[in-house]
Amino acid sequence: MSNPTSTAAVVRRAFADRSPTALAIWGAAIAVGSYAVATSAYLAAVAPRLTDLRVFVYPAVWLAASVAAAVWVDRTVRHRPRRWLGRTVGIGYVLGLAWLSGLVGPSAGSETLRLVSTLPGWGPIGLYDNGLVHVSVVPFKLVAYLALGHIVAVLVAATGGSARAAVLGMASCVSCAAPLLLAIGGLLGGTQATTAVASLGYDIATVVLVVTFGLLVRAASRTTPSTCRPQDAETAGGGP
């Protein structure tokens with residue numbers, strides 16, 4: 001019988017030897033695969049009536065882009081002498097995005113703690129209100145904002161021009177929240193016109209999010225010293 005500890009070590013070594021791009025693809029595939037399995041199980045059990053198939057596309061795209069970009073940047077930018085500064089900026093950035101997008105906001109006036117069952121990715125939605133602050137956790141949005149915060153934290157913690165690149169990325173990422181505000185307003189409105197605004201808001205937000213991740217990945221690739229990249233280090237060493 002194989003030792004679980006040795007098996008885990010072999011798996012870790014196998015992933016450690018892979019390039020950032022390969023790991024990013026694997027991460028995105030696992031995220032989307034898990035989402036697809038959960039969605040299939042939910043549809044089989046609940047059989048909801050759906051009028052717009054884009055509700056399946058938004059979470060898949062957000063999850064894939066978020067996980068792929070976060071993994072690639074994390075594995076590419078390895079030299080981070082200012083980790084404390086990066087963590088501080090990253091946490092503040094996630095909180096800012098959560099506030100702008102409506103995940104966190106002022107209390108609605110009544111204390112609440114409950115889960116709302118809905119389509120995977122969109123839910124289960126966690127609702128919490130303590131009389132001062134209201135928190136609404138939508139899984140695929142939370143994953144995206146955490147990924148953005150992690151990437152910003154890594155770039156700020158890195159050396160050279162990474163901090164400047166992070167500031168540029170932050171300015172771009174904030175624009176992701178504006179379409180989401182339109183979407184939230186449309187969903188709450190309840191009319192056909194505002195529902196159209198909601199769908200358009202998520203379309204725009206999805207495009208902006210993917211472009212932002214692309215810009216941040218490019219910034220990481222251009223500001224990272226070549227010695228920090230595993231594949232470059234192997235090339236410099238001559239290789240087998």
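Each value in this text was obtained by applying a stated rule to the coordinates, not by laboratory testing. On a predicted model such as this, the values are computed, not experimentally measured, just so you know. Backbone-built Cβ (ideal geometry, glycine too); neighbour counts: all protein chains shown.
Once you have a ≥ b ≥ c as the square roots of the Cα gyration tensor eigenvalues for the stretch 12-160, tell me rounded if a/c is under 1.5, and otherwise prolate or oblate according to whether a/b is larger than b/c. Oblate, since a/c reaches 1.5 and b/c is not below a/b. The order of the peptides 121-132, 90-101, 22-33 by mean Cβ neighbours within 10 Å, most packed first, is 90-101, 22-33, 121-132.
For residue 201, the shell of other residues with beta-carbons less than 15 Å away shows a net charge of 0, using +1 for Lys and Arg and -1 for Asp and Glu.
Available extension along the chain between residue 41 and residue 91 is 14.6 nm, counting 0.36 nm per residue and deducting the alpha carbon span.
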